[in-house]
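What follows is one structure encoded as structure tokens, with my remarks underneath.
Throughout, read-outs are computed from the coordinates displayed, never taken from laboratory work. The structure displayed is predicted, hence computed values, not measured ones. As a convention, Cβ positions derive from the backbone with ideal geometry for all residues, glycine included, and neighbour counts pool all protein chains shown.
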Amino acid sequence: MRISFMSRRRWVGVAGALMMAIGSMAAVASTASAASCSGNGCNGTDPIATGCSSGATTVLNGHYAGGLLELRWSPTCQTNWTRFTPADNDTYSIWVTRLSDGEWAGDGLEHAYTFSGANGVSHYGDQVYSPGPASACVQSPQHGGQVCIKQSS
């Protein structure tokens, strides 16, 4: 049996439309299931590993010892975390705090994330669920004191 040129074109068109529909459904399904945590279940978890970093933005930034301090926000998970890019190789600790109740995380809950030897390399801490205001903090024993940037309510 021979299929005419017009019939083949129709079949190719139908097959193409079907493939596009399946691809669209898969994209919607993967977007909806991108985050592996929700609410307080996100507290003390990695924003990248959980999928919360998808679509995230920097909502505040500041400077400490020449480095860039950022408060990151995930609209997907309603979480915040701290990202810091140092300007030297000193030791730094970073954390984020939910201002409504003081819950904080950096390297798990109630532990700061500490790193060193990272001149110009961005580091980020764990996240907290914070649909309200949060703060991002950094400190260093070499530079003394700490800096926190806070969202207003």
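Data table
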| item | result |
| --- | --- |
| Taking N as its residue count, the alpha carbon Rg of the range 48-122 over 2.2 N^0.38 Å | 1.11 |
| Model label zone, Ser116; criterion: amide N under 19 Å from point 7 Å along Cα-to-beta-carbon; scope the range 61-90 | 65-67, 84-90 |
| Distance between modelled label sites at Leu109 and Thr91, nm, 7 Å Cα→Cβ extension | 2.7 nm |
| Residue-span extension gain [Val59 to Ser100] - 0.36 nm each, minus C-alpha spacing | 13.0 nm |
